[in-house]
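Report on the following structure.
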Amino acid sequence: MHSTDDSTRILRTAAWIWLGFLFAMALMDFALYTPQIQKFLGGAVRVVQNQPAPPPQNQGRNLFGPVYLFYSANGLTALLFLVFAYWGSVRDQLREYYYLFMLVIISAAPIVISALIVPRFPQGPLSNAEGMALRQLPVLFVALALVAWKYQFAHVVLFSFASTTLELGLIILNPFENRNVSVYLFIAIIRTISFVTVGFFISSLVSRLREQRESLREANANLTHYASTLEQLTVSRERNRLARELHDTLAHSLTAISVSLETAKAYFDIAPEQTREMIDKSLESTRKGIDETRRALKALRSSDLVDLGLRLAVKKAADSAASRFALDLELDLQDPMPSLSPDVEQTILRITQECIENITKHSRAKKFSIHLSSNSHTTLMIQDDGIGFDMRSKDSSGHYGLVGMRERAELAGGKLKIESAKGKGTKVVLTI
């Protein structure tokens, strides 16, 4: 479908070029032959004043007759070509022969008109054989470009020799004209060499363009496949993160409540006071679980990046954690922050939130700090004074959501570095 549309569009362009060329040539011939007409009319007036025999009445008409005939024939053919280019029913009927049919019109018509209908113009500039060949050359170059665009280089060579053979055959077999064939043969040889040379370059450029288009199509298909795969991977990793989030909130709370209620059930008849205390603890755990679940769900729906921007979103998350858990907070956030891509901003905010969760739940820290800056690259550093953990432990990489944070950093094209030791706190550095 796209190839058909391209063919139709390029044929329409060729039709308008043909008409534009004829119009420009007509203006040029009008400028060239008008002085001769004026000269003839002036001579006629002088002859009339001397009272000789009047000049032939049709001499001026004969002077311009071949010019009129040339542009009438070529103009009508060009208009017919334009009509066929816009006439959809012709294209539908001819189908795969449509383009070839249009090529025959634009390549054969100028040759037939110059060889049989208007072989010569009146005496004047460009009225000889070379001039008549020059008049049809631009249209034939357009036909050459159409052949090179649609077909292979072998077809370009065939077109060059076929057009030359057609013109020479019409000139030799024309019984009404006695012309010097050697002149036309020399012109035909020069034109054939020119057509083959120019056609080779056009064909090479078109082939190169098609190769690049095919490469671009394949790259676009691969990119689409990669984007689809990346989207599926992102969804899968987001589900894993959500599972960890629910495990750290809802699952822990429900497990603790279940254990407390089982214990209360066992002590219900034996120690009522202790049972009441366990039920109170279960209620307290239930309230905390509800609050944590609501906070997690709110974080999933968070639009702080859209509403506040990255800097204020990070500040809000840090201030909220510091106030809820009575922690000292040190913030060093670049102001203003340069514009970053949405994926990078989302990654920075999510890793910040994950680190803050680790600090409040696992580190037993009393203070933490957040540093965020962006110059040639963006750096996020979060540090706490908590209990830390052993980096050499085999289980350390799977704790505290570190795997999820590394995955997020890699998807955004960044690197995540973690430094920690028991009793010496933890430092997380994200570089994008």
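The values are calculated or read from the model by the stated rules, or taken from the named source; none is laboratory data. Because the structure is predicted, anything quoted here is derived from the model rather than measured. Ideal geometry is used to build each Cβ from the backbone, glycine not excepted, and the neighbour counts take in all protein chains shown.
With the structure loaded, tell me whether Leu116 is surrounded by fewer than 16 Cβ atoms within 10 Å (Cβ to Cβ) and either among the hydroxyl-bearing types (Ser, Thr, Tyr) or at pLDDT 90 or above (or both) or whether it fails that test. Break it down into steps so the answer makes sense when it comes.
On the way: surrounded by fewer than 16 Cβ atoms within 10 Å (Cβ to Cβ): yes; either among the hydroxyl-bearing types (Ser, Thr, Tyr) or at pLDDT 90 or above (or both): no.
When the stated conditions are applied, Leu116 does not pass them.
Select from the stretch 358-397 the residues that are surrounded by 14 or more Cβ atoms within 10 Å (Cβ to Cβ) and assigned to a helix (DSSP H, G or I) and write down the one among them that is modelled with the lowest pLDDT. Among those residues, the one meeting the criterion is Ser396.
Within the stretch 352-373, residues that are without any contact (Cβ under 8 Å) to a residue 24 or more places away in the chain reach partners that are surrounded by fewer than 21 Cβ atoms within 10 Å (Cβ to Cβ) with beta carbons closer than 6 Å, at six or more positions or on different chains, in the pairs Arg364/Ile387.
Is it true that some residue in the stretch 163-181 is in a helix (DSSP H, G or I) and of a type in the set (Phe, Trp, Tyr)? No, every residue in the stretch 163-181 fails to be in a helix (DSSP H, G or I) and of a type in the set (Phe, Trp, Tyr).
For Ala256, the conditions (1) in a helix (DSSP H, G or I); (2) modelled with pLDDT of 80 or more all hold with the exception of (2).
Residues of the stretch 162-191 that are hydroxyl-bearing (Ser, Thr, Tyr), surrounded by 18 or more Cβ atoms within 10 Å (Cβ to Cβ) and modelled with pLDDT of 80 or more: Ser163, Thr164.
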